[in-house]
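Report on the structure given below.
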Amino acid sequence: MDPNLLYWKSHGQSFVSRLKIWCNLLDPTSLFSSNVDIQKAQARVGRGGKLNEEDRHALNLALSSVHADSGAVLPMVFRPPAFLAVSAPLVVASFLPHSSVKAALFWQFLLQSYNAGFNHTNRNSSSEKGTKTSMRQLVLIAGTVSYSTCAGALPQIIINRLNVRTVPLQNFFRFILPVPLSACLAFFNVFTVRNEESEAGIKVFDSNGNTVGISKLAGEKAVRETALSRAALFGTTAAVPQLLVSLLQRTRPFQRGSLMVAPLRHMSVALIFGLMIPVSFSLFPQLGKIKKENVEEELRAAAVDRHLFYHRGL
């Protein structure tokens, strides 16, 4: 088992411990490290032993920059520390009350494209034999982005096509409908982009870290957990700022100065999104567990302590 996964096994089994780890791993300064520095950090982690301060820095750099299955350095833009910096402007822009369908489609396309790239880069690739992405996978990613873009812009399309003019209906399509829609599209993006893990399976390990085989059921569980965590991230980001703005609009300062509402909504979207990233990443363990009775029959004999382990991906 990869040293990074062994660390998650020993330190990341509770939500609080995972949250602390992710708060350290999402440090954007790690993005300035070169590939050579990252490879040295990974080699240092692989030596094991008691960790000193330099070892902890190397561990954080390796966990945030190296793929746990392939051991390859992740592209900078798709590393977890870059997720907030790249996604936040796209999320804020996609939640804006656009005046045209083209603007809504443009920002949704950028957001869904980045999400698809991030999900694919941080997938579980343990059962893949080659390093190149298959044509089938590329078509699946393109289809996911296209569908999600159109679905994400659906509220604006409805407003324009049906010529919705009443304020309550406009507010519903612009601020209420995007909450479940954002959560569903985030779930859909992960579920379809990483569909190959459910179909081909992923590696599972025993309690000693030894590979015991390939499990489709573990792959389904890994994809489902990641999809749920991403739905929680985007659904909460869409819901909480709108709830906050609705409450503040009832106070006198905001009733007098309506121009304050839009900047507050944009800032609260960015803030909630930033706060929810480590929370959503921590909802499920990176090294997940699956019960003996929930895996294929041929793998059950290897589950000596009634559980097998798998890399969930991100």
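The values are calculated or read from the model by the stated rules, or taken from the named source; none is laboratory data. On a predicted model such as this, the values are computed, not experimentally measured, just so you know. Cβ sites come from the backbone with ideal geometry, for glycine too, and all protein chains shown count toward neighbours. When the accessible area is computed, the model is the full protein with side chains, heavy atoms only, and any ligands, DNA or RNA have been set aside. Shrake-Rupley method; radii C 1.70, N 1.55, O 1.52, S 1.80 Å.
Tell me the angle of helix 178-193 to the major Cα principal axis of the chain, expressed in degrees between 0 and 90 and rounded to the nearest ten. Tilt of helix 178-193: around 30 degrees. Within the shell of other residues whose beta carbon sits under 13 angstrom from the beta carbon of Lys292, the net charge comes to -2, with Lys and Arg scored +1 and Asp and Glu -1. Tilt of helix 101-121 relative to the longest C-alpha principal axis of the chain, in degrees (0 to 90, nearest 10)? In the chain, helix 101-121 runs at an angle near 10 degrees to the longest axis.
The magnitude of the dipole of the chain, with charges of +1 and -1 set on the Cβ of Lys/Arg and Asp/Glu and taken from the Cα centre, is near 900 debye. Can you pick out the pairs among Lys221/Lys292; Lys102/Lys221; Lys9/Lys203; Lys20/Lys129; Lys9/Lys292 whose Cα atoms lie more than 25 Å from each other? Long pairs (Cα-Cα over 25 Å): Lys102/Lys221; Lys20/Lys129. For the chain, find the longest principal axis of its Cα atoms and tell me its angle to the long axis of helix 83-94, 0 to 90°, nearest 10. Helix 83-94 sits at roughly 30 degrees to that axis. Looking at the chain, the accessible area is 50 square angstrom per residue; that uses a 1.4 Å probe and ignores ligands, DNA and RNA. Relative contact order, whole percent, for the chain stands at 21, derived from Cα pairs under 8 Å and 6 or more residues apart.
Quick check: at a probe of 1.4 Å, how many percent of the accessible area of the chain sits on carbon and sulfur atoms?
Roughly 62 percent, rounded to a whole number.
Placing +1 on the Cβ of every Lys and Arg and -1 on the Cβ of every Asp and Glu, with nothing else charged, gives segment 179-314 a dipole about its Cα centre of roughly 840 debye. Hand me the trypsin sites (Lys or Arg not before Pro) from segment 82-163 located in a DSSP loop with no more than 11 other Cβ atoms within 10 Å, in residue order please. The qualifying sites are Lys129, Lys132. Pairwise alpha-carbon distances in segment 238-314 exceed 14 Å for 72% of all pairs. Judged by the mean number of other Cβ atoms found within 10 Å, the most tightly packed of the peptides 269-276, 166-173, 183-190 leads the ranking 183-190, 269-276, 166-173.
Kindly identify segment 58-135 as rounded, prolate or oblate by the Cα gyration tensor criterion: order the square roots of the eigenvalues as a ≥ b ≥ c, call it rounded if a/c is under 1.5, otherwise compare a/b with b/c, prolate if a/b is larger, else oblate. Oblate shape, in that a/c is at least 1.5 and b/c is the bigger or equal ratio.
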